[in-house]
Amino acid sequence: MDAAETLTNPATGERSGGCLCGRIRYRVTGDPRVHYCQCDMCRRATGSAFAVLAWLPSADVSWLGEEPCFRRSSPLAKRGFCQACGSPLTLAYDAALSEIALHVGTFDNPADLEPQYNYGSSQRLGWVCCGIDLPHRDTEERW
């Protein structure tokens, strides 16, 4: 299969995605844990009101060709992005290197990756209504 082809087979847990310009492509297996993140670090990293993250075991993510560039975004974590187009792709915490989060918007077919809870809830902007009825979890992290 060509790296630029779309692969999505929820029955087998295989999904694909990549950055805006297509330079970085990935394939994942397994069922991700998906949530909204309302923390100010994710807001700044995405340039949006919140992030939508899909967490998987790191071993379930395969980079098809070029890998993201990584930048330390806090004393606790690093983020991956495409150096060519700037698309944010990943988040990984130092304390949990066996897991990686992919931004749901980078999946080729994100429709079945519905968030199940909110994280960083105490930092949610007052006008954000997405997922307000989902369970909430807080974070101590602040930017």
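The values are calculated or read from the model by the stated rules, or taken from the named source; none is laboratory data. Fair warning: this is a prediction, and the values are worked out from it, not measured in the lab. Positions of Cβ are backbone-derived with ideal geometry, glycine not excepted, and every protein chain shown enters the neighbour counts.
If you check Ala92, Ala84 for being in a loop (DSSP other than H, G, I, E, B), among the small types (Gly, Ala, Ser) and modelled with pLDDT of 95 or more, only one passes: Ala84.
Modelled with pLDDT under 90 and surrounded by 13 or more Cβ atoms within 10 Å (Cβ to Cβ): does that describe Ser121? So that I can check it myself, show each step before the final result.
Numbers: modelled with pLDDT under 90: yes; surrounded by 13 or more Cβ atoms within 10 Å (Cβ to Cβ): yes.
Judged against the criteria, Ser121 is a match.
Selection over the stretch 60-94 of residues that are more than 15 Å from the chain's Cα centre (by Cα), of a type in the set (A, V, I, L, M) and closer than 18 Å to Arg25 by Cβ gives a count of 2. Annotation for the stretch 101-118: at least one member residue is at pLDDT 95 or above and among the hydroxyl-bearing types (Ser, Thr, Tyr).
Yes/no per residue for (1) buried (at least 20 other Cβ atoms within 10 Å of the Cβ); (2) without any contact (Cβ under 8 Å) to a residue 24 or more places away in the chain:
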| site | (1), (2) |
| --- | --- |
| Tyr36 | yes, no |
| Cys39 | yes, no |
| Ser58 | no, no |
| Cys85 | no, no |
| Asp112 | no, no |
| Cys129 | no, yes |
